[in-house]
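All remarks here apply to the structure that follows.
The values are calculated or read from the model by the stated rules, or taken from the named source; none is laboratory data. Everything numeric here is computed off the predicted structure, so don't read it as measured data. Here the Cβ is made from the backbone with ideal geometry for all residues, glycine too, and neighbour counts use every protein chain on show.
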Amino acid sequence: MTKYKSFLFSLSAMALSACVSPQNTEVSKRAVGVQSWPAMKAFPTGSAPNAVYRANSDIFHEFLDLTFSLESGHQIPRLTRFEGPITVAFANQPKPVVSRDLDQLITRLRLEANLDISRISNPNSANIVIETMSKRELQRAAPSAACIVVPRIRSWSEFRKNRYNKRTDWSSLQRRERAMIFMPHDISAQDARDCLHEELAQALGPLNDLYRLPDSVYNDDNFHIILTAYDMMILRAYYAPEIRNGMAQHEVAAVLPRLLGRINPAGNGVGAKHLGQTRRDWIKAIETALGAKGSDSARVIAADKALRIAKQAGYTDHRLGFSYFARARVSISQNSELAAADFARSYAVFNDIFGPQDIHTAQAALQMASLSISAGRYDSALEFINDSLPAAEAAQNGRLLFSLLAMKAEVVTQLGRAGEAAALRREAVSWGRYGIVPEGEISDRLRIIAKLKPGQPA
């Protein structure tokens, strides 16, 4: 789950903004129907269910692929982990909401993954240290990185000197004793929390990402942005007494079936799906399509290729839905009809697999709601939105909650329920303050969503 990721999902509603661009980035609060900024909302600690209702025989292969491979495809010769109590500290003073989110994550790791992990104040004594800097500074050293986790390193300057040698090579470790997470301080609270979840999970456990995982942050599609029940189960297995530091793949494979049966008994009687490994050419095409480099036309070509590969490979799972979703995202400004059709196909695939109240379906449903509003089909828009709100809340996605609630506010405005619309808009802004930065962007996005309704000028 290295954060040399080629993309991060932004607000999905912005994909439909090609024909409704904001005219002024300094939109007043009054212009978007908010008289004053409400307080930021944040999510409670929460707790994912312990049982993972997927076949342990599938999880067996996923655990080995997560543990003994890197995203590059290179193999890792041995499992490494921390031994004894694990401590985490910030190298510099974080924002209060980021500090709170780290405390909540550590609480979950203790309760759900059964890890002996705690936060301390002294970074010199900690096993895992989190250092923040400006986004610009981080991207000067790692242009495509949202955040980074590296072994052995003790400071940002040390990382910059050693980022191309074996000192920062995870596959050269014999055991884990120290790791550093580098993340920007000038990002939204949600993006900072997402960095904490993803990078701390990698610092502690598996180093790979697998697109075939439907329910995990160990997946570069970035639908899941906080550690799931599956992720906690993987970490619980990683630190189980049956596993020893330095074990080779065949040694882990020998103890893993009984281990999974012990910690995840619900997975013993579930039928296996046997989802195949994801083809490297599909991964490369997706990364090109959704990456920061290349022209718009090159991204569309790559997205077309990814969809063709998905069909050739026989993907009928969420990877097919994601292929449609990716092509829709990159083609919206060039072929809005194709994008609308692809969003609908993506929604259909996700809905068939996961049902309407899942985060995959909710991301596609947001686009379907946008299209419904633009066509004046407000009842349909409300159905998409109301089905998706529980999924967005369960996935703790404040950015998606902002979009859904802001759209719902526009719908009920058109239905003549002004008081309800005002309350919904204020709630949307509260979540926007957690999921979006800066505040001016919240106003811009409210203006864009307001222009979705029929008859509005572009």
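Number of residues in segment 236-261 that are touching a residue at least 12 places away in the same chain (Cβ under 8 Å) and outside any loop (DSSP other than H, G, I, E, B): the value is 13. Within segment 409-428, being surrounded by 15 or more Cβ atoms within 10 Å (Cβ to Cβ), among the aliphatic types (A, V, I, L, M) and closer than 16 Å to residue 389 by Cβ holds for 409, 411, 412, 421, 424, 428. Within segment 101-113, residues that are free of Cβ contacts under 8 Å to residues at least 12 places away in the same chain reach partners that are surrounded by fewer than 18 Cβ atoms within 10 Å (Cβ to Cβ) with beta carbons closer than 9 Å, at six or more positions or on different chains, in the pairs 110/116; 110/118.
State whether the residues of segment 336-344 include one that is within 25 Å of residue 51 (Cβ to Cβ) and modelled with pLDDT of 95 or more. Checking segment 336-344: not a single residue is within 25 Å of residue 51 (Cβ to Cβ) and modelled with pLDDT of 95 or more.
Within segment 42-76, the residues that satisfy the criterion of being in contact with a Leu (Cβ under 9 Å, 6 or more places away or on another chain), among the polar types (S, T, N, Q) and under 29 Å from residue 391 (Cβ atoms) are 45, 47, 56, 57. Considering only segment 155-167, I want to know if a residue exists there that is in contact (Cβ under 8 Å) with a residue 60 or more places away in the chain, polar (S, T, N, Q) and surrounded by 15 or more Cβ atoms within 10 Å (Cβ to Cβ). So far as segment 155-167 goes, no, none of its residues is in contact (Cβ under 8 Å) with a residue 60 or more places away in the chain, polar (S, T, N, Q) and surrounded by 15 or more Cβ atoms within 10 Å (Cβ to Cβ). Consider segment 278-323. How many of its residues are assigned to a loop (DSSP other than H, G, I, E, B), more than 22 Å from the chain's Cα centre (by Cα) and under 25 Å from residue 145 (Cα atoms)? Number of matching residues: 2. With a requirement of 3 or more residues that are over 29 Å from residue 186 (Cβ atoms), the helices (runs of 4 or more DSSP H) lying completely within segment 373-458 that satisfy it span 378-394, 398-414, 418-435.
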